[in-house]
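Single-structure report; data block below.
The values are calculated or read from the model by the stated rules, or taken from the named source; none is laboratory data. As the structure is a prediction and not an experimental result, all values here were calculated from the model. Quick reminder, even Gly has a Cβ in these numbers, built from the backbone with ideal geometry, and neighbours come from all protein chains shown.
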Amino acid sequence: MIKAIKGTKDIYYPEIEKWQFLEEIVIDVFSNFNYNEIRTPIFEETALFARGIGESTDIVGKEMYTFTDRSGNSVTLKPEGTASVVRALLEHSLQKAKPLNKFFYISPMFRQERPQAGRLRQFHQFGGEALGSNNPYLDAEMILIPYIVMQMLGLSDFKVKINSLGVPESREKYKTVLREYLSDKVKDLSEESRRRYETNILRIFDSKAENDILIMNEAPKILDYLSNEDIDHFEEVRNILDDAHIDYEIDEKLVRGLDYYTNTTFEIVSGSVGAQSALCGGGRYNLLARELGGVDIPAVGFAAGIERILLACKNEGLLEFDPYPLPLFIVLLDKSYDRIAYNLSLYFRGKGVETELDYLGRSVKAQMREANKNNAQFVLFVGGEEINESKVTLKNMADGEEAKYSFDSLEEIVNKIYSSDEE
RNA sequence: GUGGAUGUAGCUCAGUUGGUUAGAGUAUCUGGUUGUGGCCCAGAAGGUCAUGGGUUCAAAUCCCAUCAUCCACCCCA
């Protein structure tokens, strides 16, 4: 039997309801902040990600789904959303149409990693990008928006971590200092961290080895090497968050894995989802547009993992919905009236009443059981003696009360169903 | 890519030191009871015991290989 590819999942009942619930909240919150949805293609020219995310990153180096199409072009399934949004902005010169563009997306992403709790090969993110301004209010907004989404979901076991990486010049200066600090301690680091000492020294801060953590706790801090301008920007972001009553902690060890980040970086981590605890991450990327199109467009954004957020909801006992009530179920008492029953269903559906009926030719008893499983509020019986008087019987499933209606007073049934819904 | 764990009914799981026809709960279907439904009762259907090989009189059970899934490393959302 053909099965879904490793690290991919089919999403259907009952989980799909949670996805729809979450997506509705996401759209509401973004709309509330006046962000516009953008849908970019699911694959792009490989060079976009290689240049945008950075050749040396793990994502580009070993995780991308890259293949050659039939025309011989190298294309890649998108591993993240930001590069595509920036590409679209530049391609359509949207920075000229509007000085500030605020976009959001909800989209699948693809990375060929070993699957694990909270880590899939096709996973889904919602994210926001604000392009065209260096204003620290937008940095704060990128934290505020996912924070509000998580609050609306009812999550409580999470915290916000922020840091600033400054501009590349100060980061390079800091790396040099860090390299000096570690020069005589390299031998005590874990094997993994010794490798990073050569390749990407900042990532040693991510190490989970106990001894590495001890050594890095004593290391010089990046915030001491930022320019005055960057420090002011970071302080302003923090003040805005304080005034918005967002709890956060400064984590000077928070260095993110994508090359394009400058200044503010942040993460929202959950305490209830296992090893892959980052629910959301993002930061400012003032240099990415120049890298991709030669234009300076200061920008900031974030992305949040939908599977991880839903996992956190599950572990915190949230989103346990009761089955949706079904307003109307039509029960066929006599099979010869099936066309009448179906036409009635079309009438009620046309009136906006969600309606179901039996498609399997089952007994009245089985139909009633089915109505019950669907949590039907009303059942409409078609057939029996009353059909000879052109009437149908409506039963209220809550109290068992029944009433007959003639075919020319179906409107009354609709009203009855709607009025009971309001109670 | 590295390590560990696990694969038995649609789902969640039992299955003794190897021993007849592999079980339960739940879901599904049919019927009884009920004012035509919920609760209850009865019955039915549902399995290549992941796959392949080996040991044995005998394998779901022991051994080997393969595959898959899960968890952790790594990486990140």
Return yes when A:ASP242 is crowded, with 16+ Cβ neighbours inside 10 Å, free of Cβ contacts under 8 Å to residues at least 60 places away in the same chain and within 29 Å of A:LEU22 (Cβ to Cβ) and no when it is not. no
Just to check your reading of the model, which residue among A:ARG87, A:ARG114, A:ARG70 is assigned to a loop (DSSP other than H, G, I, E, B) and more than 11 Å from RNA strand B (Cβ to nearest atom)? A:ARG70
Does A:GLU63 count as within 11 Å of RNA strand B (Cβ to nearest atom) and in contact with a strand residue (DSSP E or B) (Cβ under 8 Å, 6 or more places away or on another chain)? no
Need pairs with beta-carbon distance below 8 Å; first residue surrounded by 21 or more Cβ atoms within 10 Å (Cβ to Cβ) and of a type in the set (Phe, Trp, Tyr) and within region A:303-331, second in a helix (DSSP H, G or I) and at pLDDT 90 or above; sequence gap 6+ or separate chains. A:PHE329/A:GLN367; A:PHE329/A:GLU370; A:PHE329/A:ALA371
Taking region A:186-229 as the search range and keeping residues that are among the aliphatic types (A, V, I, L, M) and in contact (Cβ under 8 Å) with a residue 40 or more places away in the chain, which one is nearest to RNA strand B (Cβ to nearest atom)? A:LEU202
Of the residues in region A:381-411, how many are without any contact (Cβ under 8 Å) to a residue 40 or more places away in the chain and within 11 Å of RNA strand B (Cβ to nearest atom)? 13
For region A:1-24: of the residues being surrounded by 10 or more Cβ atoms within 10 Å (Cβ to Cβ) and among the β-branched types (Val, Ile, Thr), which is nearest to RNA strand B (Cβ to nearest atom)? A:THR8
Residue pairs within 8 Å by beta carbon, gap of at least six or interchain, first lying in region A:352-365 and in contact (Cβ under 8 Å) with a residue 12 or more places away in the chain, second among the small types (Gly, Ala, Ser) and near RNA strand B (Cβ under 6 Å from one of its atoms), listed first then second, are A:ASP358/A:ALA366
Quick check on region A:116-144: of everything there that is crowded, with 24+ Cβ neighbours inside 10 Å and under 13 Å from the mean Cα position of the chain (by Cα), which residue is nearest to A:ALA4 (Cα to Cα)? A:PHE126
Looking only at region A:278-295, how many residues end up being within 16 Å of A:LYS161 (Cβ to Cβ) and assigned to a helix (DSSP H, G or I)? 0
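Table: residues versus (1) in a loop (DSSP other than H, G, I, E, B); (2) touching a helix residue (DSSP H, G or I) at 6+ places or on another chain (Cβ under 8 Å).
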| position | (1), (2) |
| --- | --- |
| A:HIS245 | yes, no |
| A:LEU254 | yes, yes |
| A:ASN263 | no, yes |
| A:PHE266 | no, yes |
| A:GLN276 | yes, yes |
Cβ-Cβ distance below 9 Å, separation of 6 or more or different chains: which pairs start in region A:80-91 with a residue that is free of Cβ contacts under 8 Å to residues at least 12 places away in the same chain and end on one that is assigned to a helix (DSSP H, G or I)? A:GLU91/A:GLY293
Hey, could you check region A:73-84 for residues that are not in a loop (DSSP other than H, G, I, E, B) and not hydroxyl-bearing (Ser, Thr, Tyr) and say which is surrounded by the most Cβ atoms within 10 Å (Cβ to Cβ)? A:ALA83
List pairs: first residue in region A:267-286 and in contact (Cβ under 8 Å) with a residue 40 or more places away in the chain and surrounded by fewer than 17 Cβ atoms within 10 Å (Cβ to Cβ), second residue of a type in the set (Phe, Trp, Tyr) and outside any loop (DSSP other than H, G, I, E, B) anywhere in the structure, Cβ distance under 7 angstrom, at least six positions apart or on different chains. A:GLY271/A:PHE158
Among the residues of region A:16-52, what is the count of those that are out of contact with any Lys or Arg (no Cβ under 9 Å at 6 or more places or on another chain) and assigned to a helix (DSSP H, G or I)? 19
Residue set A:VAL160, A:VAL177, A:VAL167; condition more than 16 Å from RNA strand B (Cβ to nearest atom), in contact with a Phe, Trp or Tyr (Cβ under 7 Å, 6 or more places away or on another chain) and within 27 Å of A:LEU202 (Cα to Cα); output residue A:VAL177
